[in-house]
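I have a structure I would like to understand better, so I am pasting it below and will then ask my questions one at a time.
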Amino acid sequence: MGDLGNSTVEFHPKKPGMDTGGHEGDFGVSVDELSSLMELRGAEALQKIQESFTDTETLCHRLKTSPADGLSDNPADLEKRRQVFGMNLIPPKKPKTFLQLVWEALQDVTLIILEIAAIISLGLSFYQPPGGDTEACSNASGGAEDEGEAEAGWIEGAAILLSVFCVVLVTAFNDWSKEKQFRGLQSRIEQEQRFAVVRNGTVIQIPVAELVVGDVAQVKYGDLLPADGVLIQGNDLKIDESSLTGESDHVRKSIDKDPMLLSGTHVMEGSGKMVVTAVGVNSQTGIIFTLLGAGEMEEEKKDCKKGKQDGTLENNQNKAKKQDEAVAMEMQPLKSAEGGEVEEKEKKKASVPKKEKSVLQGKLTKLAVQIGKAGLVMSAITVIILMLYFVIETFVIQGRVWLTECTPIYVQYFVKFFIIGVTVLVVAVPEGLPLAVTISLAYSVKKMMKDNNLVRHLDACETMGNATAICSDKTGTLTTNRMTVVQIYILDQHFRDIPTPDQIYPRTLELISSAIAVNCAYTSKIMAADKEGGLPKQVGNKTECALLALVLDLKQDYQAVREQIPEEKLYKVYTFNSVRKSMSTVIQMPNGSFRLYSKGASEILLKKCSFILGRDGEVRVFKPRDKDEMVKKVIEPMACDGLRTICVAYRELPADPMPDWENETDIVSNLTCITVVGIEDPVRPEVPDAIKKCQRAGITVRMVTGDNINTARAIAAKCGIISPGDDFLCIDGKEFNRRIRNEKGEIEQERIDKIWPKLRVLARSSPTDKHTLVKGIIDSTVLEQRQVVAVTGDGTNDGPALKKADVGFAMGIAGTDVAKEASDIILTDDNFSSIVKAVMWGRNVYDSISKFLQFQLTVNVVAVIVAFTGACITQDSPLKAVQMLWVNLIMDTFASLALATEPPTESLLLRKPYGRNNPLISRTMMKNILGHAVYQLIIIFSLLFVGERIFDIDSGRNAPLHSPPSEHYTIIFNTFVLMQLFNEINARKIHGERNVFDGIFSNPIFCSIVLGTFAIQIVIVQFGGKPFSCSPLNVEQWLWCLFVGMGELLWGQVISSVPTHQLRCLKEAGHGPAPDEMMDEDLADDEDEIDHAERELRRGQILWFRGLNRIQTQIRVVKAFRSSLYDGIERPESRNSIHDFQAHPEFIITDSVHNIPLIDETDVDDESERSNHNHVRVALRHPVPHSQPQRPPRSRYPSRPLRQQSLPVTLNCNNNAATESRVYLGSSNNGAPHVSPCPASPLHSLETCL
C-alpha cells in the first residue's frame, strides 16, 4: 500500500503550489501545511485545498490513504505516521508530586502554630540559665527534678514536631491517592471513547488515542470529533462548533461549501466520512490546550498555595469544559488596556474552583467554620486564664521580682500555656471533615464503578442521595433496547406474526427490502451471534436493526441491495432528527428519475401519505377516512400492546423538472405507504422491581419518551410507573405545551406547577419539552422541599436537559458523546436499576458523613471542655499536646476512614429523601452527641479529681514543669481514648437504632481500624514514656479503663431509650446557608459573576453590566431593609452540582431564540429563560454561572402583586456573537411568579436602565 501510494505521488503532474520538497517521512504534505489548512474555514479553505491539492482525493493520495478503503493495518505504517504527524493525545498536566502535597498539607494554620510553639519549646529546653542558683525563680523549675529529667525537657517539643509530621504525611498520602484515583477515572473515561474508522475496507471501532493522520473516519449524529479532518463524503451534516467559536448556530458542512471538521465539535445531524488531517497537539483543540498549559505553568508558580480540595475538583473537571473556557478566552481576546489583567484574573478563576460546592459541602463548610470559631474562643480564653493565674500566683501572692536570669524559665512556662491553648484549638477544629467527605466520595465512586455507574462529577454521587424525581427515557433504559418486529400491516392485511415471503407479492417484497436497506444508516447492521445458539448481534441504531432483521425474516438480503447502491451513490439524505421524527433517502434510478424512501413515526408519516399499496400490490388513493380507520384498527391496537409503530413509504420523483431538494416539505409529501410495522422492545426484567424501590424511597419516576402515547402508557403500566386507580397524568408533547403556555405562547411556571406533580408519562416529547419539564420541576416552589431531579438521556438533543438536571445520567452503550459530555454519571450498562444503586450510594455518602460528624463532635466537645476546665483548675491540661494530637489523628483520619467506608444497605431505600434544607445534624444525632459527652465528662472529671483515691496512686495535679509522667494522668488519657473507640461503634447508627453491631463484619476496614487503634494505644501507654507523657499501667488498671470504655455501649442503649420528640430543647445544626447570609455573599460575589461574562464582552459592556449589577444589588438591599426583616427573601436556587456552574455554550436552546435581536422586540420568546421567574437575572448567551442567583426584589405594593416584566436590552457585541440580554424583575407576594401581558412599567425600565 505504501509503495503504491508513493508511485501515485510521482505520476501526478506538478500542480500550482504543489511542492514536494521538505515533506516529512515521504508523505506528500507536512505537518505545518496541514495545520495552516485547518485554520481556514468555508470558501477560504476550499480555495486553499484547490491551490495546494486540487481536490480532497489528491490530499488523500498525498497522505497515502484511500477514500474508500482507508489505511492498511500495517503497524509499521501507523507507527511512522505517529512519528511524523504526532499521536492523538494531549499530554496531561503533570500531577503534583508527593513532596508538593506534603508542602500543601504543612500550610495548615493550626499545624504552623503548633510547629512554632514546639520549636520555641525545643530552643528553651536547651537553654541553661547562667549561675546554678535558680531557686530565686520561684518553685517554677520544680524542686523534685533530677538532672536526667531536666535534660529531657526537649522531648515534648520533639514529640509535637513528630506528631505534626505524622499528621502531614497522612494528609499528603490521602491527597495523593485521591489524585491518583481521579487520574485513573479520567483515563478510564478517555479509554471508553472509541471512534469508527475504515481500515482495509472494513469499518472498525478503535480507541480515540489510536487515530492517526490519514485515517478515514466515519462521522455520525452525536459524535464528539476526536481530531481535525476534511470531509470527503457527507449527508446533511450539521456541526455544533460553539465550543470553539461561541456561535450557537449549527454549521452545515458539505464537500463543496465548507468541508473542514474540527476536533472538540459535536455532530448534531447527519453523517459522513472524513480524512484525518491533524491529531493531538496539532489539532485545533490541542493548540488551545497547549496555550492554556503554558499559561497555567506561570500561574502555578504564583499560586502554589491552594486549598486542599483543589485536587478533587480540578481533576474531575471534565476536560472539554476547561477547553471551552480556554477557547472562549483564546478566540476572543479583550482588546483593552486592561486586557492582560482580565485574562490573568480569568486564568486564576479557572484554576481555583471557587463556588463549586455541592449541597453537602456547603453545609459542612458552614458547620466547620462555626466549630472552628468556638474552638478559637475557647483556646484563647484557656491561654489567658493560665497566664493570668501564673502571673498572679508568682508575682502577686508570692511577691517575687522578675529577674533577668529567670526570664527563660518564665518564657518556658508561657510557651507551655501557649501549647496547651493550641492543642485545645487543634482538637476543636474538625479538619477531618473535608477528609471524610473526600474519602467517602472517592470510596463510593470506586465501588459505584462495579455497580455500572461511572461518576464523572464527584458530588453528583452525593446529590443523587437527595433525588426526589427521576425523569427517565423509555428506550434502552426501561426496556432492553433489543428491538424486534412482531406485527406487520401490509397489503391491507394485519399480520399478528411475521408473514412468510409467499404471502407477499414479489414486487412488494423487493420494494420493502430496498426501502429498508437503503433508508437505514449504513452503520446499522445485523451480525452473526457471538456464541452459537445466541441471538444475532445488532450493531448501530436498534430500531433500524429491527427493520433489517425483518428483511432477513422475509428471506431477503439487505446487504446485496447495499452493495448495489453504496453510500456514495445516495443522491440526498434527510437524516433523522427529533423535529422530523423520520428519515428519508433519495436515490437516482437507472432511467434518470428519482425515488425517495421514507420511514418514521407512523402517525407523522401517514399524514404525508396520499397513496397506499392495496391487496393486490396496486397503488390506490389513501383517503383521510382510510387514515382514521387505520389509526383506530391498526396503530392504536399495536400501541396498546406496547409496540412502537413505524411506517415505511416511498415516492417516485421525475428528473425533469429537477425537484427543489432544499424544499423538504414538498419533497417528503404525497408518499405511498408500503407497510406499518409494530416493533416490540421488551421491558427489562429487573426494572419493575427497581421502580418499586424508588417509589418506596420517596422518589417519583416519570417517563419522558419520543414514542406514541399509547405505547408509552402500556410500557409505563408494565414497569409500574402507573398503576390502575392512581391519580396520574399521561399526556403528549402537544398537550403539554398547550397547558403550560399562555395566550402569547410563553411558558408560565404557575401552569407547569399545576401539571408536574401528577405527570407520570410525557409522550411524543421534543428535547425542548424535556428541558422545560426538568427546569419547571427544579424551579417549582409548590412543595416546601425543592425538588432534586435526576434525568437520563442518550441522544445529542438530551444535552440541555442533562445539563439542567441536578444529576444527569447518560447511557454508556447507546449514548452519544454529546450526551456523555453533558452528564454527571454514565450508566455503563444502560440499565435503570443501576440508577437505584446510585441513589443507594448517594444516601450512604450522606449517612457516612453524618456518622462521622456524630463521632467527631462528641470527641470535640469532651476534649475541649476537659482541656479548658482542667487547665483553669489545675494549671495544666489533663490531656497533653502530644496525646491530643494522637486523639486528633484517631478522630480525624482513622475515624473518617472507618465510618466513611460503610457499605450501603437496602434499608437506606426505606426512608424518604432528606431534601436540600435538611440539617446535617438531626435531633437524634444531637441527643447522641450531648448524651455521650455527658457520660465521658462525668467519668473524666471523676478520675481527675478523685482518681488518685480510687486507684490509690499519686496525684498528677499541679505537677511542676518537666516532671515525670504520672499514672494518674495516664489513666485519664487511656480511659478517654478507649471511650472514643467504643463510641465509634455507637456512631455507626444515626437514626436511633438499637443494634449498633448490625453488619459490622461486612466492613473489614472498620474492624481493622478499631483493632489497630487499640493495639497502638496499648503500645503508646506501655512504652510511650516521656514523649507521650505516659507511665505504664498494670493489668488491673487496664481492665478498669476497658470496663469504663465499654460502659459507652451500655450508655448508648440508655440514650436511645429516651424519645427524641420529648427533647424539644435540642436544636438541629448544619443547615444550608441561610438566605440573609447568601445575600452578603451575593454582594461580595458580584464582581466574580461578571468576570465569567468578561470572556464574551468587551470592556464598555462590562462596565455597563457592572453598573447594572451594582444598581440591582442596591435596589435589593434597599428593599430588604425597607421590609425591616429579611422574611421576604426567597430561598435561593441550590448550589448544586458542578455542572451548574459551567453552562456549556452548546446547550443554550436555540429553538426560538433570535440570534440578532430586533430593536423593538418587547416580548420574551426565549424558552430557556421564560420560566426563570423567581430570579432577577442577567441572561447572557453564555449564561452567567448562577451559583448565587439574585433574589427578587420585594414588592413595594403589597396590595397588588408585582408582575414580571421583561425588558430586552440589546448589546452591540462583536459580530460573531450577537448577545441578547434580558433583565427580569419581579415576584409576587406569595412567591408564585406571574407573567403579565402588560408592557414593562416605566418605573422598572428606569430602575434597570440606570
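The values are calculated or read from the model by the stated rules, or taken from the named source; none is laboratory data. Values in this document were obtained by computation on a predicted structure and should not be read as measured data. Neighbour counts run over all protein chains shown; Cβ positions are idealised from the backbone, glycine included. The protein model used for the area step is the full one, side chains on, heavy atoms only, and it has no ligands, DNA or RNA in it. Shrake-Rupley method; radii C 1.70, N 1.55, O 1.52, S 1.80 Å.
In nm, what is the difference between 0.36 nm times the number of residues separating residue 403 and residue 40 and their Cα-Cα distance? The partial results should precede the final answer.
Numbers: separation 363, 0.36 × 363 = 130.68 nm, distance 8.42 nm.
Fully extending the segment from residue 403 to residue 40 adds 122.3 nm.
What's the center-to-center distance, using Cα atoms, between segment 566-605 and segment 45-107 in Å?
After rounding, the separation between the Cα centres reads 36 Å.
I've got another one for you. Which of the peptides 657-665, 816-824, 389-397, 37-45 is most tightly packed, and how do the rest follow, judged by the mean count of other Cβ atoms within 10 Å per residue? Each step should come with its number before you reach the end.
Values: 657-665: 10.3, 816-824: 26.4, 389-397: 13.6, 37-45: 15.7.
The densest-packed peptide leads the list: 816-824, 37-45, 389-397, 657-665.
For residue 1007 and residue 411 in one chain, what is 0.36 nm times their gap in residues minus the Cα-Cα distance, to one decimal in nm? Present the calculation step by step, with values, prior to reporting the outcome.
Numbers: separation 596, 0.36 × 596 = 214.56 nm, distance 4.52 nm.
Using 0.36 nm per residue and subtracting the Cα-Cα distance, I get 210.0 nm.
Which sequence of 764, 615 reflects their accessible areas, 1.4 Å probe, from the largest down? Before the final figure, lay out the partial values.
Details: 764 50, 615 135 Å².
Per-residue accessible area, sorted high to low, gives 615, 764.
Ranking request for peptides 572-578, 937-943: highest mean number of other beta-carbon atoms within 10 Å first, then the rest in descending order. If you can, show how the numbers build up before the last one.
Numbers: 572-578: 19.9, 937-943: 18.3.
Highest mean packing first, the order is 572-578, 937-943.
Could you check the spin-label model distance between residue 370 and residue 94? Points 7 Å from the Cα along Cα→Cβ, value in nm.
4.4
Which distance in nm do the two modelled labels at residue 527 and residue 380 give, with both placed 7 Å along the Cα-to-Cβ direction?
That separation, rounded to one decimal, is 7.0 nm.
For segment 479-496, what does the Karplus curve 6.51 cos²θ - 1.76 cosθ + 1.60, with θ = phi - 60°, yield as ³J(HN,Hα) per residue in whole Hz, taken in order and with x for Gly and Pro?
10, 7, 6, 10, 8, 9, 7, 10, 9, 8, 10, 8, 6, 6, 10, 9, 8, 7
Placing +1 at every Lys and Arg Cβ and -1 at every Asp and Glu Cβ, with all other atoms neutral, what dipole size does segment 708-812 have around its Cα centre, in debye to the nearest 20? Don't skip to the end; give the middle numbers.
Values: 17 positive and 15 negative charges, 49 e Å.
Here segment 708-812 has a charge dipole of around 240 debye.
Turning to a different aspect of this structure: Leaving ligands, DNA and RNA out of it, rank 236, 616 by accessible area with a 1.4 Å probe, largest first. Walk me through the numbers on the way to the answer.
Working: 236 20, 616 100 Å².
Descending order: 616, 236.
How high is the FRET efficiency from residue 537 to residue 560, r the C-beta distance, R0 25 Å, rounded to 0.05? All intermediate terms of the calculation are to be shown ahead of the outcome.
Working: r = 20 Å, r/R0 = 0.79.
Plugging the Cβ-Cβ distance into 1/(1 + (r/R0)^6) gives 0.80.
Taking the solvent-accessible surface of protein heavy atoms with a 1.4 Å probe, what is the per residue accessible area of segment 631-790 in Å²? Before the final figure, lay out each step's value.
On the way: 6290 Å² over 160 residues.
Roughly 39 Å² per residue, with all protein chains present.
Expected output is a single nm value to one decimal: the length gained when fully extending between residue 507 and residue 785, i.e. 0.36 nm times separation in residues minus the C-alpha distance. What is it?
Values: separation 278, 0.36 × 278 = 100.08 nm, distance 6.25 nm.
Gain on extension, residue 507 to residue 785, equals 93.8 nm.
What is the set of long-range amide H partners of residue 239 at a cut-off below 5 Å, with H atoms built 1.01 Å from backbone N?
Counting only residues 5 or more places away or on other chains, the set is 251, 252, 253, 268.
Okay, next question. Using 1/(1 + (r/R0)^6) with R0 = 56 angstrom and r between the beta carbons of residue 743 and residue 494, what's the FRET efficiency to the nearest 0.05?
Details: r = 43 Å, r/R0 = 0.77.
The computed FRET efficiency comes out at 0.85.
Also, quick follow-up: Residue by residue through segment 504-518, which ³J(HN,Hα) values in whole Hz follow from phi under the Karplus form 6.51 cos²θ - 1.76 cosθ + 1.60 (θ = phi - 60°), with glycine and proline marked x?
10, 4, x, 5, 5, 4, 4, 5, 5, 6, 5, 4, 7, 4, 7
Another question, if that's okay. Set the Förster distance to 25 Å, then compute FRET efficiency between residue 726 and residue 906 from the Cβ-Cβ distance, nearest 0.05.
Working: r = 25 Å, r/R0 = 0.99.
E between residue 726 and residue 906, to the nearest 0.05, is 0.50.
Continuing with the same structure: Could you sort out which of 180/450; 180/373; 474/633; 693/744; 446/851 sit more than 30 Å apart by Cα distance in this structure? Intermediate values should be presented prior to the final figure.
Values: 180/450 18 Å; 180/373 34 Å; 474/633 25 Å; 693/744 42 Å; 446/851 20 Å.
Too far apart for the 30 Å limit: 180/373; 693/744.
Using a 10 Å cut-off on Cβ atoms, rank the peptides 55-67, 638-650 from the highest mean neighbour count down. Provide the component values of the computation, followed by the final result.
Details: 55-67: 20.8, 638-650: 23.7.
Ranking the peptides 55-67, 638-650 by packing returns 638-650, 55-67.
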